[in-house]
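Notes follow the structure.
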Amino acid sequence: MPNILYLHGFASSPDSRKGRFFLERFSSLGADVHIPELVTGTFEKTTLSAQREVVERAAAEIRPSLIVGSSLGGYLAALHASRHPELRCGIVLLAPAFDFVRRWADRLGKSCIDAWKQEGTLSVYHYGEQGMSLLGYRFYQDARQFEPSPAVRQPVLIFHGKYDDVVDPAVSMEFARKNPDVELELLDSDHQLLNVLQPMWERTLHFCRRIEPFPLPGAYSGA
């Protein structure tokens, strides 16, 4: 049976709605789905580098046939794939947060970034905890070392909402243009993509046909 690695988004958790959806669907077909908590320690002290280490350990342990990443988890999935060109698996990205640092800088503005640096923390909404949480400036500082759009050789399927006001779908369009084996689906949805879960699932199963080997009995019958 294949192992599926699902990476949740920023300020989210393994219990996210999209994560649960894919876990239930893949598990019903006999796959093993792994959704690690990407934040080790406190949310305030998390960094992209620390989350990348979680992905590295999880991928080394389970040897995934498919990696699914949502928003920042999608960016992490692409970063991981770019650093492991030998990795033989498919990559499914849900509104991936490419060009992460520039978009944060544009959204927050220089004065807010400067205040964040000066004060050391920024209050952000944590979807997993359903409330405000502090995030250390080190998160932003650390993220600046990573390329905005990783080069990926593995087959990639991207879902992006046409009305996404968090991550402009243009960044996924640019990623698809630059990388050789990318399928991009622009959907009538926003950043959350919650109204198109079933179409994404059906398209993901179709994408799995391209991944060899992908031993998932019943995966291609429209289940």
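The values are calculated or read from the model by the stated rules, or taken from the named source; none is laboratory data. The structure displayed is predicted, hence computed values, not measured ones. Glycine gets a Cβ as well: all are built from the backbone with ideal geometry, and neighbour counts include every protein chain shown. Ligands, DNA and RNA are excluded from the accessible area calculation, which covers all protein heavy atoms including side chains. Shrake-Rupley method; radii C 1.70, N 1.55, O 1.52, S 1.80 Å.
Contact map, the range 121-135: residues that are among the β-branched types (V, I, T) paired with residues that are open to solvent by less than 40 Å² (accessible area, probe 1.4 Å) and part of a strand (DSSP E or B), Cβ distance under 7 Å, separation 6+ or inter-chain. Pairs shown: T121/L135; T121/G136; V124/S133; V124/L135. Taking the conditions exactly as written (of a type outside the set (G, A, S), modelled with pLDDT of 95 or more and in contact with a Lys or Arg (Cβ under 6 Å, 6 or more places away or on another chain)), does P96 satisfy them or not? No. Of the residues that make up the range 4-18, is at least one more than 23 Å from Q192 (Cα to Cα), of a type outside the set (V, I, T) and part of a loop (DSSP other than H, G, I, E, B)? No: the range 4-18 contains no residue that is more than 23 Å from Q192 (Cα to Cα), of a type outside the set (V, I, T) and part of a loop (DSSP other than H, G, I, E, B). Selection of the range 60-71 for residues being over 11 Å from the mean Cα position of the chain (by Cα) and open to solvent by less than 10 Å² (accessible area, probe 1.4 Å) yields P64, L66.
What residue, of G128, G161, is within 28 Å of E24 (Cβ to Cβ) and in contact with a Leu (Cβ under 7 Å, 6 or more places away or on another chain)? Let's see the steps before the verdict.
Working: G128 fails: in contact with a Leu (Cβ under 7 Å, 6 or more places away or on another chain).
Answer to the check: G161.
Residues in the range 118-143 that are surrounded by fewer than 13 Cβ atoms within 10 Å (Cβ to Cβ) and of a type in the set (D, E, K, R): 2 in all. When G74 is tested against (1) under 8 Å from the mean Cα position of the chain (by Cα); (2) outside any helix (DSSP H, G or I), only condition (2) is not met.
Of everything in the range 202-212 that's in contact (Cβ under 8 Å) with a residue 24 or more places away in the chain and crowded, with 16+ Cβ neighbours inside 10 Å, which residue is farthest from G90 (Cα to Cα)? I'd like the intermediate steps shown before the answer.
Applying the first criterion (in contact (Cβ under 8 Å) with a residue 24 or more places away in the chain) to the range 202-212 yields 203-204, 207-208, 210-211.
Checking which are crowded, with 16+ Cβ neighbours inside 10 Å leaves us with 203-204, 207-208, 211.
On the way: R203: 13, T204: 10, F207: 8, C208: 7, I211: 6 Å.
The extreme case among them is R203.
Checked against the criterion of being farther than 22 Å from S16 by Cα and among the charged types (D, E, K, R), the range 132-140 contains one or more residues that satisfy it. Somewhere in the range 22-30, is a residue in a loop (DSSP other than H, G, I, E, B), over 13 Å from W201 (Cα atoms), in contact (Cβ under 8 Å) with a residue 24 or more places away in the chain and open to solvent by less than 20 Å² (accessible area, probe 1.4 Å)? Looking for residues that are in a loop (DSSP other than H, G, I, E, B), over 13 Å from W201 (Cα atoms), in contact (Cβ under 8 Å) with a residue 24 or more places away in the chain and open to solvent by less than 20 Å² (accessible area, probe 1.4 Å), one finds none in the range 22-30, hence no. So which residues in the range 31-55 are open to solvent by 20 Å² or more (accessible area, probe 1.4 Å), small (G, A, S) and at negative phi? S49, A50, listed by residue number. When you check D190 against the structure, is it buried (at least 16 other Cβ atoms within 10 Å of the Cβ) and among the acidic types (D, E), yes or no? Answer is yes for this residue.
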